Amino acid sequence: MAISKLEAIQSLHPTAQFVLRGDELTWQSDDITEPTEEEITAEQERLQAEYDANEYQRSRAAEYPSV
């Protein structure tokens, strides 16, 4: 699973108001600083690394039946 730009922005600023159409970001939160493309990319990479590191747990959980 690839981490999207939307997920990265929501991770950086969970309470921010914004519109994302394709790659076009329209920031609507005056009280929160808009993240730069570099910050968004770095957050995507961080979240992807976290997701990839947990692959083993996800695959092991799938081996057991649900309760």
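Within the range 15-64, being touching a residue at least 40 places away in the same chain (Cβ under 8 Å) and either exposed (fewer than 10 other Cβ atoms within 10 Å of the Cβ) or of a type in the set (A, V, I, L, M, F, W, C) (or both) holds for one residue alone: LEU47. Scanning the range 29-45 for residues that are more than 13 Å from SER11 (Cα to Cα) and assigned to a helix (DSSP H, G or I) yields GLU37, GLU38.
Taking the criterion of being open to solvent by 60 Å² or more (accessible area, probe 1.4 Å) and either among the hydroxyl-bearing types (Ser, Thr, Tyr) or not in a helix (DSSP H, G or I) (or both), the residues of the range 1-14 that qualify are MET1, ALA2, PRO14. Scanning the range 46-60 for residues that are outside any helix (DSSP H, G or I) and aromatic (Phe, Trp, Tyr) yields nothing.
The values are calculated or read from the model by the stated rules, or taken from the named source; none is laboratory data. Worth saying up front: this structure is predicted, and the values here are computed from it rather than measured. Quick reminder, even Gly has a Cβ in these numbers, built from the backbone with ideal geometry, and neighbours come from all protein chains shown. These area figures cover heavy atoms from the full protein model, side chains too; ligands, DNA and RNA do not enter into them. Shrake-Rupley method; radii C 1.70, N 1.55, O 1.52, S 1.80 Å.
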